[in-house]
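The values are calculated or read from the model by the stated rules, or taken from the named source; none is laboratory data. Everything numeric in this text was worked out from a predicted model, so none of it was measured. So basically every Cβ, Gly included, is an ideal-geometry build from the backbone, and we count neighbours across all protein chains shown. Side chains included, ligands, DNA and RNA excluded: accessible areas come from the protein's heavy atoms. Shrake-Rupley method; radii C 1.70, N 1.55, O 1.52, S 1.80 Å.
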Amino acid sequence: MIPLLHDFSGTTVLVFGGGPVGARKARRFAREASVVVVSPDFADAEFGGSERVRAAPAEGDVPNWLDRFDPALVVAATDDATVNEAIAEAARDRGVLVNRADSHGDRNPGSVVVPATVRDDPVVAAVATGGASPALSKHLRETIEAEIAGAGAMATVTADLRDELRDEGVPEGDRHDAIRAVVRSSRVWKGLRRGESKGRQVARDVISDKLHSSGDTR
């Protein structure tokens, strides 16, 4: 499977199943999408502000639910494998992405695996094991989380500096070298831990040193 980042803003994610897995899936998507959870019962868990519809759809009812909500993604997280298969089949028939929570290994076209993610906006990192080992995904997520601390601030600062260098007329190759020097500078990372303004100041010093060393006297 090929990892992709997908923007779900302004769309609906339809979750079938109100257990702990359904709740976790709902929370994951509620930050961007409108989430609807359909289930006869709901776990004592946080659903991220999702709309909850108390119903027990049978296999033949599934297409009607998809027609009703027109989702961009369907999550099959019930405790009935037959119903989950009907959900996945209805989604595939409509060209809708589907995440089947009880499926591991081989998957049909259009299937989606929801990875473990780490965010330091605008930076996001994800890791997945294809459903083989959720415990390993969690361990790797925790490891990555420690490694990318501060990456969000670095992304914001370097994006601004790249635009500033372009406006100043710095040649493209020199811009690339300067920004590369910033992201590899332990001084800048250390400065960002003291605040974005401090990190930006140190980054400007690193850029100045880089441009002068390459013969650019701006």
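Here are a few things to note about the model shown:
- When segment 116-165 is filtered for residues that are part of a helix (DSSP H, G or I), touching a residue at least 24 places away in the same chain (Cβ under 8 Å) and of a type in the set (A, V, I, L, M), the ones remaining, listed by number, are Leu140, Ile144, Ala151, Ala153, Met154, Ala155, Val157, Leu161, Leu165.
- Summed over segment 72-87, the residues that are open to solvent by less than 10 Å² (accessible area, probe 1.4 Å) and either under 17 Å from Val53 (Cβ atoms) or within 22 Å of the chain's Cα centre (by Cα) (or both) give a count of 5.
- Some residue of segment 10-30 being in contact with a helix residue (DSSP H, G or I) (Cβ under 7 Å, 6 or more places away or on another chain) and not aliphatic (A, V, I, L, M): yes
- Check on Val98, assigned to a strand (DSSP E or B), surrounded by fewer than 17 Cβ atoms within 10 Å (Cβ to Cβ), within 18 Å of the chain's Cα centre (by Cα) and at pLDDT 90 or above: no
- Residues (open to solvent by less than 20 Å² (accessible area, probe 1.4 Å), in contact with an Asp or Glu (Cβ under 8 Å, 6 or more places away or on another chain) and either touching a residue at least 24 places away in the same chain (Cβ under 8 Å) or among the hydroxyl-bearing types (Ser, Thr, Tyr) (or both)) located in segment 32-60: Val36
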